[in-house]
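Q: Just dropping this structure here.
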Amino acid sequence: MSQTTSGAPAPNYDDEIVKKFVVATVIWGVVAMTIGVILALQLTWWPANLGIPQLTFGRLRPVHTNGVIFAFTANFVFGGMYYSTQRLLKTRMYSDLMSNIHFWGWQGMLVSAVLTLLSGMTQTHEYAETIWPIDIAIAVFFLTFAANFALTVANRKVEHLYVALWFYISFLITIPVLHVFNNLAIPATLTRSYPIYAGMTDALVQWWYGHNAVGFLLTTPILGLMYYFLPKAAQRPVFSYRLSIVHFWALVFLYIWAGPHHLLYSALPDWAQTLGMIFSVMLIAPSWGGMLNGLLTLRGAWEKVRTDHVLKFMAVAVSFYGMSTFEGPMMSIRAVSALSHYTNWVVGHVHSGALGWVGMMGFGTLYWLVPRLWKRPLHSESLATAHFWMATIGVVLYTVAMWGGGLTEGLMWRAIDEAGQLQYPIFVDIVDQLQPFYVTRLIGGLVYVTGVLLMAYNFTRTILTPEPIDSSAYVPAK
């Protein structure tokens, strides 16, 4: 075991588990996002499904959404958490066995989810389409990680818990609760079950889960990674540690109540709709506090952003976080929702968060980790920069197209002629007007995925390159 500068033994961290999650993230990222492009193509040119049932939109779409959330995002979150948790707590993960059960079990669950969804087996709940045996597997392997994390915290060599760990803990507590209660069902066969909820209760529980899956999987753990990796990459302390604490408590308190804004103008009682709207609007404050804390951490390091591809990704990611967390609360206001709901504007909003915030933060984290995990320089800095520009241009094309398409859609639905009748009663007339926006989205998606493929190539060449004689510059920080 190596020695620290003080003479004490340096912690023997488990970076092999981090490597596994990094590789899985890249593979699943390519798969999930390529499927997204295929879906965009099908909306532009329907014969793209080739008449094959497994390639129809209804089967590929849940594979895409679950792939981006539970495969790409969850894998890079797990990898980043394994890496940063050990260093923040100055101790190895409690159990290597539990770490490996978590990794292999999670990948097996993902493969099972893909195969069953492509076969048409589904529970028909947004972000919760997988059948009940897979739901149980998700809970088991997630709780395995949560237990390993908790035991590692109990075994830590430092007293203070850095704020990133607080965000991780909120993720590890909230997601199992949301997942279990939303998926409570009575099995009928091995592939089919009946939910215990019905009607509006089912809808309310679903969006309590659905929106908070965004809040506590696509937001809080990634904010934790931001608070760890952004200062590391910028070599600057967090702008305001006090603000990060306020950010945490305000965010986790407010987020959990925002789900009902998905059910505006429904049979849900008005008081519940209003509650969801109010808490959604209030979310702007902690969200923008976190965004500003991230961007202001770059004070004094903006010159590095011009040349450092990691900081480029992270700076844009934090900017998209601020934009998405302003747009979402605005869309939760009844008057705005009346125009935007069920339109492509919602699709644009979701992807500005998924591709802009989650994707860019994930890419930045991966580019920071790979040279340090494999102890060698990145194969090509220029390819990494090219990936950054492709990702940025791609997400802008995608979201702007969907905003334009959504506004067009919403306004045409509401258009009234001189007789007081709907001006566009034939739905296909509205769909025809969306074709240019769909084509633009397809182009944006292709550009974005091309960048992901460049990243996969860059990482493959990096990993397969022999380790340099002097690899000290790439040794992971203790």
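Q: Hey, can you tell me all the residues within region 173-189 that are free of Cβ contacts under 8 Å to residues at least 40 places away in the same chain and in a helix (DSSP H, G or I)?
A: Passing the criteria: 173, 176, 177, 178, 181.
Q: Residue check: is residue 402 closer than 19 Å to residue 232 by Cα and within 22 Å of the chain's Cα centre (by Cα)?
A: no
Q: A follow-up question, please. Can you give me the number of residues within region 301-322 that are assigned to a helix (DSSP H, G or I), farther than 14 Å from residue 385 by Cβ and modelled with pLDDT under 95?
A: Summing the residues that are assigned to a helix (DSSP H, G or I), farther than 14 Å from residue 385 by Cβ and modelled with pLDDT under 95 in region 301-322 gives 2.
Q: Here's something else I'd like to know. For residue 252, all conditions in the list (1) under 28 Å from residue 299 (Cβ atoms); (2) open to solvent by 50 Å² or more (accessible area, probe 1.4 Å) hold save one; what is the number of the exception?
A: (2)
Q: Can you tell me which residues in region 174-189 are open to solvent by less than 50 Å² (accessible area, probe 1.4 Å) and over 21 Å from the mean Cα position of the chain (by Cα)?
A: Hit for region 174-189 is 185, nothing else.
Q: So which residues in region 295-328 are open to solvent by less than 10 Å² (accessible area, probe 1.4 Å) and under 30 Å from residue 341 (Cβ atoms)?
A: Hits for region 295-328 are 317, 318, 321, 322.
Q: Quick one: would you say residue 131 is buried (at least 20 other Cβ atoms within 10 Å of the Cβ), among the β-branched types (Val, Ile, Thr) and over 27 Å from residue 290 (Cβ atoms)?
A: yes
Q: What about residue 414, is it open to solvent by 70 Å² or more (accessible area, probe 1.4 Å), within 27 Å of the chain's Cα centre (by Cα) and either at negative phi or free of Cβ contacts under 8 Å to residues at least 12 places away in the same chain (or both)?
A: Considered against the rule, which asks whether it is open to solvent by 70 Å² or more (accessible area, probe 1.4 Å), within 27 Å of the chain's Cα centre (by Cα) and either at negative phi or free of Cβ contacts under 8 Å to residues at least 12 places away in the same chain (or both), residue 414 comes out as no.
Q: Checking residue 115 against (1) touching a Gly at 6+ places or on another chain (Cβ under 9 Å); (2) among the hydrophobic types (A, V, I, L, M, F, W, C); (3) open to solvent by 40 Å² or more (accessible area, probe 1.4 Å), which single condition isn't satisfied?
A: That leaves (1) as the condition not met.
Q: Separate question: Could you list all residues from region 374-394 that are surrounded by 20 or more Cβ atoms within 10 Å (Cβ to Cβ) and touching a Lys or Arg at 6+ places or on another chain (Cβ under 7 Å)?
A: Passing the criteria: only 388.
Q: Continuing with the same structure: Quick check on this structure: which one of 385, 450, 399 is among the polar types (S, T, N, Q), touching a helix residue (DSSP H, G or I) at 6+ places or on another chain (Cβ under 6 Å) and farther than 20 Å from residue 32 by Cβ?
A: 385
Q: Oh, and also: Hey, can you tell me all the residues within region 332-369 that are closer than 13 Å to residue 261 by Cα, assigned to a helix (DSSP H, G or I) and open to solvent by 30 Å² or more (accessible area, probe 1.4 Å)?
A: Passing the criteria: 334, 335, 336, 338, 346.
To keep it simple, each residue is scored yes or no on (1) of a type in the set (Val, Ile, Thr); (2) farther than 24 Å from residue 366 by Cα; (3) more than 17 Å from the chain's Cα centre (by Cα).
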site	(1), (2), (3)
262	no, yes, yes
267	no, yes, yes
277	no, yes, yes
295	no, no, yes
307	yes, no, yes
315	no, no, no
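Q: Taking the condition more than 24 Å from residue 69 (Cα to Cα), among the hydrophobic types (A, V, I, L, M, F, W, C) and surrounded by fewer than 20 Cβ atoms within 10 Å (Cβ to Cβ), does residue 397 pass?
A: Answer is no for this residue.
To keep it simple, each residue is scored yes or no on (1) small (Gly, Ala, Ser); (2) modelled with pLDDT under 95.
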| residue | (1), (2) |
| --- | --- |
| 369 | no, no |
| 378 | no, no |
| 390 | no, no |
| 394 | yes, no |
| 401 | yes, no |
| 408 | no, no |
| 413 | no, yes |
| 437 | no, no |
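Q: Same structure again: What pairs come up if the first residue lies in region 141-163 and is open to solvent by 50 Å² or more (accessible area, probe 1.4 Å), the second is among the aromatic types (Phe, Trp, Tyr), and their beta carbons are under 7 Å apart, counting only those six or more places apart or on different chains?
A: Partner pairs satisfying both residue conditions: 151/94; 155/94.
Q: Looking only at region 449-456, decide whether some residue is hydroxyl-bearing (Ser, Thr, Tyr), farther than 19 Å from residue 346 by Cα and at pLDDT 95 or above.
A: Yes.
Q: Right, here's the next one. I'd like the full set of residues that are under 18 Å from residue 438 (Cα atoms) and either of a type in the set (Phe, Trp, Tyr) or open to solvent by 50 Å² or more (accessible area, probe 1.4 Å) (or both), limited to region 35-70.
A: Selection gives 38, 41, 43, 45, 46, 57, 58, 61.
Q: Looking only at helices (runs of 4 or more DSSP H) that fall completely inside region 198-299, which ones have 3 or more residues that are without any contact (Cβ under 8 Å) to a residue 40 or more places away in the chain and closer than 16 Å to residue 168 by Cα?
A: 241-255
Q: Let me ask something additional. Need the failing condition index for residue 232 against (1) modelled with pLDDT of 95 or more; (2) open to solvent by less than 20 Å² (accessible area, probe 1.4 Å), just the number.
A: Evaluating residue 232 over (1) modelled with pLDDT of 95 or more; (2) open to solvent by less than 20 Å² (accessible area, probe 1.4 Å) leaves (2) as the failure.
The values are calculated or read from the model by the stated rules, or taken from the named source; none is laboratory data. Computed from a prediction, not measured in an experiment: that's the story for all the values here. Cβ: placed from backbone, ideal geometry, glycine included. Neighbour counts: every protein chain shown. Ligands, DNA and RNA are excluded from the accessible area calculation, which covers all protein heavy atoms including side chains. Shrake-Rupley method; radii C 1.70, N 1.55, O 1.52, S 1.80 Å.
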